[in-house]
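The structure appears right after this line, and notes come after that.
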Amino acid sequence: MSHAHSTLAQSSVLCASGSLGLTPFHSESFWAGIERRPDVVAADAGSGDIGPFYLGSGHWYNLPEWEEQDLVRMLKGARSCGAKMIVGSAGGAGLDQAVDLYHEIIARATRREGLGPIKVARIYSEVSRDWLKQRLDRAVPLGAPWPLTADVVDETRRAVAMIGIEPYLRALDKGADVIIAGRSCDDVLFAAHPVWLGLDRGLSLHMGKCIECGPLVATPPLQRESVMGTVFVDGFVVEPLHPGMRCTPASVTGHTLYERLDPYLQAGPGGAVDMTEVSYEAVGDRAVRVTGSTWVGSPDYRVKVEGAGRVGARKVVIFGFRDPVAIAHIDEILDDIRGEVKRIVGSDGWQLHFSVYGRDAIMGDRDLKAHEIGREIAVLAQAIAPEASTATRIAKLVKYGSLRAQYSRSGAKGGGAALPGDEVLTPDQESYRWTIDHLVTVADPFECCRVEFETVA
Amino acid sequence: MKLSQLATSLSSKNAGNFHLTFDIVFDSADTYRRVLQSGALTPESVAARYGVSVDEVVSIVGFDPGNAIKVNMRRRRPSGDPGETDVFGAQQYSPLLDLEIP
């Protein structure tokens, strides 16, 4: 299969979904995009946004049926128009196991639907504790305020490197039709093909950043719709495929702000995209042309490493109060409960968090209006301990304590808390925390990942 | 006037797992410049509205192409830490709503 477009010096990338597998993407705008015969059908499947649990535990993030639905739809679309299919940060956290799962889904669908032969590239970007320990002196904190030490590595269950564009370029060099990658920078999987064709890296990466969240670059940002980014020699154009949506300079610049500290500089492995001289201009009434983004290479190649470690099992109790006297005395009630837990379970080796909704659950001590309490409050109690049995004991003491709350010191008669059920809730999610959020300098882009190829008939 | 009356949108979200970013978007370059030049939005004034030390307010950035001001702050704790109640950082912006802009 060949692509006869290098003479046209452009690359069009269809972003099928802003978040692969999260909920199914809508098919009409996707197929409208396929009709334009893009060069690439791509989607980002992961994010650090989802918290440390999925990375640390290896627990699946998306429903298997939705994961499969999105992947198979992308595969069929890509095969129908000769486009490459590229998926990055498989499974949400970008773990090796998710790359394998996606490969299985793709291979099964290929055989079942007679879409082969296809050459699949798998890019794995998990890094081991040994790998990290060998590089402590080449690591600096990024988001984490602590240094990377051997102890921090030992506390880490799983870690991944956010790979750059080079592993994708190698896959394209070797003729891959489908690329499935673990944790990656979200822009590179969309920028890979344009860069591979020789188009400007700054423009291509900026385009990738614009379309990687799908509808959020357009207005209204109707969920689960596809958008297209096309890179030309001197700029790129973004547009949505849904007729009820449009890209405007405001919608594109609005998205440039999203989830980043600096709207003028996007750092990545090997350099940064400088957006200080970027112009955003309307093309018709539903597309935007962007020019002026430039790539600035750096002497060192540094990858961000994300790592998560287990804190413990988690048990939850939710209880509420409507009695204004109870609400006025909620701190004493919670102190009494905590005191009882200490008396029975001991003082150490567990955590008990009370979040008072209706007061300051969402902002905690940053809520300077916490005194403006409502008529009703709910307390989310989370008991965390290394063993589930300890967490359960604590949660049961909390539940009992909420029912026997003593707050009638002012003379008013008090009642126990309102509970949705006489139960301790057992979430699937144990308690994890981010342990690693650091930059590690590597000698080359393949020091932190490996690329494998397989032809599926 | 209050910031919420001048801005067309005001939102918060995580920027990485250790930081929050607040995006304040205006519908015109004039309003954007007025707020930027008013001196009302500073690390000190933002820190005061959250009861945090000024070091927690990492930066305030004017984004000309988008008529937007971005305020960056460290999260209370890393996202998803035990006791988390806003894992995406999506509901942290309310204290900015009634900031007075001269």
**Message:** Along the charge dipole of the protein assembly as shown, pointing to its positive end and built from +1/-1 on Cβ of Lys, Arg, Asp and Glu, which listed residue (A:Thr455, A:Met74, A:Pro24) has its Cα farthest out?
**Reply:** A:Pro24
**Asked** A:Lys84: which aspartates and glutamates have alpha carbons under 12 Å from its alpha carbon, excluding same-chain residues fewer than 8 sequence positions away?
**Response** A:Asp39, A:Asp177
**Item:** Rel. contact order, % - alpha carbon contacts under 8 angstrom, at least six apart, the range A:236-336
**Value:** 25
**Request:** Please state the charge dipole magnitude for chain B, taken about the Cα centre, from unit charges on C-beta atoms (+1 on K and R, -1 on D and E), reported in debye and rounded to the nearest 20.
**Result:** 60
**Fill in**
Rg/Rh over Cα atoms for the range A:323-417, Kirkwood Rh, comes to 0.99
**Fill in**
So the compactness index of the range A:209-257, its C-alpha Rg divided by 2.2 N^0.38 Å, takes the value 1.04
**Item:** Efficiency of FRET from Cβ geometry, A:Glu447 and A:Asp173, R₀ 25 Å, rounded to 0.05
**Value:** 0.85
**Fill in**
Helix A:96-113: inclination vs chain A longest Cα principal axis, degrees, rounded to 10, gives 50
**Complete:** Averaged over residues of B:85-95, the number of beta carbons from other chains lying within 10 Å of each residue's Cβ is 4
**Prompt:** Roughly how tilted is helix A:388-403, in degrees to the nearest 10 and between 0 and 90, from the longest Cα axis of chain A?
**Reply:** 50
**Mean separation of Cα contacts under 8 Å, 6 or more apart, over the residue count of chain A: relative contact order %** = 20
**Request:** Would you give the gap between the C-alpha center of the range A:13-60 and the C-alpha center of the range A:117-137, rounded to a whole Å?
**Result:** 22
**Length gained when the stretch A:Asp285-A:Ala150 is fully extended (0.36 nm per residue, less Cα-Cα span)** = 43.1 nm
**Item:** Surrounding net charge for A:Gly82, when Lys and Arg each add one and Asp and Glu each subtract one, Cβ distance under 12 Å
**Value:** +1
**Request:** Partner chain Cβ atoms within 10 Å, averaged over the residues of A:41-54 - can you pull that number for me?
**Result:** 3
**Item:** Inter-site label distance for A:Ser128 and B:Asp98 at 7 Å from Cα along Cβ, in nm
**Value:** 5.8
**Message:** Less than 15 Å Cβ to Cβ from A:Pro220, Lys/Arg counted +1 and Asp/Glu -1: what total charge do the surrounding residues give?
**Reply:** 0
**Complete:** SASA check, B:Asp81, accessible area w/ 1.4 Å probe, all protein chains in place, rounded to nearest 10 Å², comes out at 30
**Prompt:** How much accessible area does A:Glu225 have with a 1.4 Å probe, in Å² rounded to the nearest 10?
**Reply:** 10
**Prompt:** For the range A:1-108, what is one quarter of the convex hull surface built on the Cα atoms, given in nm²?
**Reply:** 7.2
**Request:** Find the relative contact order for the range A:323-417 and round it to a whole percent, using C-alpha pairs within less than 8 Å whose residues are 6+ positions apart.
**Result:** 35
**Asked** Which net charge results when you count Lys and Arg as +1 and Asp and Glu as -1 among the other residues whose beta-carbon is under 13 Å from that of A:Phe232?
**Response** -2
**Fill in**
The correct pair for the range A:364-442, radius of gyration to one decimal and Dmax as a whole number, both in Å and from Cα atoms, is 18.5, 68
**Message:** Please report the projected area of chain B's Cα convex hull averaged over all directions, in nm².
**Reply:** 6.0
**Residue list for the range A:227-267, given a label point 7 angstrom along the Cα-to-Cβ vector of A:Ala9 and an amide N cut-off under 15 Å** = A:231-236
**Item:** Under 15 Å from A:Lys174, Cα to Cα: aspartates and glutamates that are on another chain or at least 8 residues apart
**Value:** A:Glu166, A:Glu452, A:Glu454
**Asked** With charges set only on the Cβ (+1 for Lys and Arg, -1 for Asp and Glu), what does the dipole of the range A:323-417 come to about its Cα centre, in debye to the nearest 20?
**Response** 300
**Item:** Cα-based Kirkwood hydrodynamic radius, the protein assembly as shown, one decimal, Å
**Value:** 25.1
**Request:** Report the GluC sites (Glu not before Pro) located in the range A:77-148 that are in a DSSP loop and have at most 14 other Cβ atoms inside 10 Å of their Cβ, or state none.
**Result:** none
**Helix B:29-38 axis, angle to chain B major axis (alpha carbon atoms, nearest 10°)** = 70
**Asked** Averaged over peptide A:415-424, how many Cβ atoms belonging to another chain are found within 10 Å of each residue's Cβ?
**Response** 0
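The values are calculated or read from the model by the stated rules, or taken from the named source; none is laboratory data. As the structure is a prediction and not an experimental result, all values here were calculated from the model. In this analysis, Cβ positions are derived from the backbone assuming ideal geometry, glycine residues included, and neighbour counts consider all displayed protein chains. Surface areas here come from the heavy atoms of the whole protein model, side chains and all, with no ligands, DNA or RNA. Shrake-Rupley method; radii C 1.70, N 1.55, O 1.52, S 1.80 Å.
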